[in-house]
Amino acid sequence: MTSTHYTLDGWLAHAEALHGRAIDLGLERAQAVRAAMGLRFGCPVMTVAGTNGKGSTVAMLESILMAAGYRVGAYTSPHLVRFEERCRIGGNDVSAQALLPHFAAVERARHAAARDGAAVSLTYFEFTTLAILSLLAAEQLDAVILEVGLGGRLDAVNVIDTDCAIITSIDLDHMEYLGPDRESIGREKAGILRRGKPAIVSDPQSPQSVRDHAQAIGADLWLAGRDFHYTHLPQQWSWQGRAQRRHSLAFPALRGANQLLNASGVLAALEALQARLSVAAQAVREGFARAELPGRFQVLAGQPTLVLDVGHNPHAIAVLAENLDSMGYFPATHAVFGAMADKDIPGMLRRMQPLIDVWHLCDLPTPRAAQAQQVAAHLRALQPAARIQIHASPLEALRAAAAEVELADRIVVFGSFYTVGGVMQEGLPRLHGKHLSPSPQ
């Protein structure tokens, strides 16, 4: 082990170089290392899977449980700017220093679990997930919330048996890994369910494959529209579960038309776990009001208006378009857009094209990304007269857009975590007329 491994950047580089494939789904490697680490939790664990809405669900659960006085740990991925964003204790990102002994623990266990003299070869996601799980297990926590990275059944997070599984929206994404349709994808996400444990499905049109799997293993299935539902009123909303009712709720602080679906699933999970994690009505109100999640239909103060959204598949982009429509009138909308090459780029562009007046397409700092020129070719096929500019990075694209827009216009940054994270490299951006500056840290 070289000295470079003693820094977080060194450990991350080490983890990235271990395995021949960036994504290699399967639990055998991670299970072997987890067993060698003796990794287990002594508090309730909630695991969240889904195509979209996972991060929002985690953020609201975390905020409500903290408002109720519990010490909560959360794991999410990917990060926007700093790796440490992936793990929070009590609502705060963990420090790089706190992570180091847990990376070392994974490395030791990787060798302890060796077969035929060869240490277990973990992917970057498996290695880093196990390190964060190790940190969370070492803390004196009252609850742990884990966000699945990809799918569910074969995702490294699934080495931990959950006490309550939550499945958010299910749509077409990562089809090369999860299958060609919603039924196949639902079957993979249902892999996080456990026998006898609550299984909350907040997607109102849940695939039959999810229901079938829950029945086959004997999970306690809670379906949106059957076991719980919400009512949207002009100034407030209400929720009803199997036994609980919550009236006159203020809308969650997280913006967007889809957030009540996520919030409804959150309340179902809290009812299902009430014997172990009692939550009063005031904590629910405070938690929804305080929940924060950067990059999810995040509207920043300033002129012109700036919207950040990590949506990176047609379903998420459809929600973004609906949310943009609800914002009112803007003379012009400029887009800063970059995306991964394996995404449905034409599908995303097709949904947003009617709303965008000027496109600022950018390259992204990863080999997985589509080049801006390739995105431009897709866009010209849809809209030959589209106004397009090409930029080397998201921040360069945002600066160019900021220099062109008028005060009454808006800029929308979307398409990938890399796109939104790229404009946040120097801090949360603020627009002041035709000038761009980072917000005070």
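The values are calculated or read from the model by the stated rules, or taken from the named source; none is laboratory data. Keep in mind that what you see is a predicted model, and the values were worked out from it rather than measured. Using ideal geometry, Cβ is built from the backbone for each residue, glycine included, and neighbour counts are taken over all protein chains shown.
Below, the figures for the structure above:
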| quantity | calculated |
| --- | --- |
| Qualifying residue in segment 258-268 (condition: over 20 Å from N52 (Cβ atoms) and either polar (S, T, N, Q) or within 23 Å of the chain's Cα centre (by Cα) (or both)) | no |
| Test for D203: is it buried (at least 24 other Cβ atoms within 10 Å of the Cβ), in contact (Cβ under 8 Å) with a residue 24 or more places away in the chain, of a type in the set (D, E, K, R) and assigned by TED's automatic domain parsing to the domain that holds S77 | yes |
| Single match in L223, L260 (criterion: over 24 Å from D155 (Cβ atoms), without any contact (Cβ under 8 Å) to a residue 40 or more places away in the chain, touching a strand residue (DSSP E or B) at 6+ places or on another chain (Cβ under 9 Å) and not basic (K, R)) | L260 |
| Unmet requirement for R108, which otherwise passes all of (1) of a type in the set (K, R); (2) closer than 22 Å to G152 by Cα; (3) out of contact with any Ser or Thr (no Cβ under 7 Å at 6 or more places or on another chain) | (2) |
| Matching residues, segment 64-90, being at pLDDT 95 or above, of a type in the set (G, A, S) and either touching a strand residue (DSSP E or B) at 6+ places or on another chain (Cβ under 9 Å) or not assigned by TED's automatic domain parsing to the domain that holds V33 (or both) | G73, A74, G90 |
| Residues that are under 19 Å from L361 (Cα atoms) and among the acidic types (D, E), drawn from segment 287-336 | D309 |
| Single unsatisfied condition, A199 versus (1) out of contact with any helix residue (DSSP H, G or I) (no Cβ under 6 Å at 6 or more places or on another chain); (2) at pLDDT 95 or above | (1) |
| Segment 72-122, subset of a type in the set (K, R) and under 21 Å from the mean Cα position of the chain (by Cα), residue nearest to A13 (Cα to Cα) | R82 |
| A59, sole failed condition from (1) within 19 Å of A291 (Cβ to Cβ); (2) at pLDDT below 95 | (2) |
| Single residue of segment 57-68 satisfying the filter (within 16 Å of N262 (Cα to Cα) and touching a Gly at 6+ places or on another chain (Cβ under 9 Å)) that is surrounded by the fewest Cβ atoms within 10 Å (Cβ to Cβ) | L65 |
| Leading residue by the ranking (modelled with the lowest pLDDT) among those in segment 25-56 that are within 25 Å of P207 (Cα to Cα) and more than 19 Å from the chain's Cα centre (by Cα) | G26 |
| Condition met for R21 (out of contact with any His (no Cβ under 7 Å at 6 or more places or on another chain) and modelled with pLDDT of 90 or more) | no |
| Top-ranked residue of segment 209-261 - restricted to ones that are hydroxyl-bearing (S, T, Y) and exposed (fewer than 15 other Cβ atoms within 10 Å of the Cβ), ranked as modelled with the lowest pLDDT | S248 |
| Selected residue (only one of R71, R82, R108, R115 is surrounded by fewer than 21 Cβ atoms within 10 Å (Cβ to Cβ), of a type outside the set (A, V, I, L, M) and under 28 Å from G311 (Cβ atoms)) | R82 |
| Criterion: more than 18 Å from the chain's Cα centre (by Cα) and assigned to a loop (DSSP other than H, G, I, E, B) - qualifying residue of P294, P331 | P331 |
| Number of the condition not met by I317 [criteria: (1) surrounded by 20 or more Cβ atoms within 10 Å (Cβ to Cβ); (2) more than 24 Å from A263 (Cα to Cα)] | (2) |
| Check on E426, over 19 Å from the mean Cα position of the chain (by Cα), surrounded by fewer than 17 Cβ atoms within 10 Å (Cβ to Cβ) and at pLDDT 85 or above | no |
| Restricting segment 1-18 to residues that are modelled with pLDDT of 85 or more and crowded, with 16+ Cβ neighbours inside 10 Å, the residue that is farthest from T162 (Cα to Cα) | G10 |
